[in-house]
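First the structure, in the form of structure tokens, and then the observations on it.
Every number in this text was worked out from the coordinates using simple rules, so none of it is lab data. Being a predicted model, the structure only gives us computed values, none of them experimental. Using ideal geometry, Cβ is built from the backbone for each residue, glycine included, and neighbour counts are taken over all protein chains shown.
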Amino acid sequence: MDMLDSTTSRTLESLMRFSSARQALLAHNLANLSTPGFRPVDVPVEEFQRSLRDAIDAVREGRSATLAPQDTQGVRFEGGEVVLEPRPRGENLLFHDRTDADSDRLLADLAENTLAFRAAAELYRYRVGQILSAIRERP
């Protein structure tokens with residue numbers, strides 16, 4: 001098995017793919033914030049995290065040879081790709097302009113998502129650096 005194809009690397013790749021796709025979704029929400037009647041959409045982050053955690057546990061416990069997260073209501077896994085199926089947030093609280101777009105919450109979601117992507121990217125970069133050092137046989 002290729003060292004870059006390990007469970008850790010595949011987990012980080014999944015996290016980066018999810019965060020990247022969600023970033024586009026959140027940016028769309030922010031761009032349409034002032035559109036009359038616009039309802040922001042999102043995917044349940046907790047479901048993605050649970051699916052990924054269950055897949056990691058299955059590999060650790062020997063129930064699966066590879067990382068294979070299960071599809072959730074808002075996220076499908078197709079051949080290494082992460083496909084989002086967003087839905088309205090459904091908070092049912094509409095403002096005077098008939099939207100439920102909360103700019104503070106949208107910006108907080110963008111910041112949180114950006115941090116998740118950057119953390120996964122840094123861990124992946126560090127992992128690749130370790131492998132390259134091992135190949136070169138020096139730190």
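Quick notes
- Note on Thr35 and Gln73: with the Förster distance fixed at 25 Å, the Cβ-Cβ geometry gives a FRET efficiency of about 0.45.
- Helix 7-31 and the longest principal axis of the C-alpha atoms of the chain enclose an angle of approximately 20°.
- Cleavage-rule hits (GluC sites (Glu not before Pro)) in the range 1-51: DSSP loop, at most 11 neighbouring Cβ within 10 angstrom: none
- Per the Debye calculation on the chain with a single equal scatterer at every Cα and no solvent contribution, log₁₀ I(q)/I(0) for q = 0.10, 0.14, 0.15 Å⁻¹ amounts to -0.43, -0.73, -0.80.
- Dipole in debye (nearest 20) - the chain, about Cα centre, beta carbon charges: Lys, Arg +1; Asp, Glu -1: 360 debye
- Here the ratio of the Cα radius of gyration of the range 30-87 to 2.2 N^0.38 Å is 1.49.
- Theoretical FRET efficiency, 1/(1+(r/R0)^6), r = Cβ-Cβ of Arg118 and Thr7, R0 22 Å, to 0.05: 0.55
- Over the chain, relative contact order from alpha-carbon pairs under 8 Å, at least 6 apart, %: 35 percent
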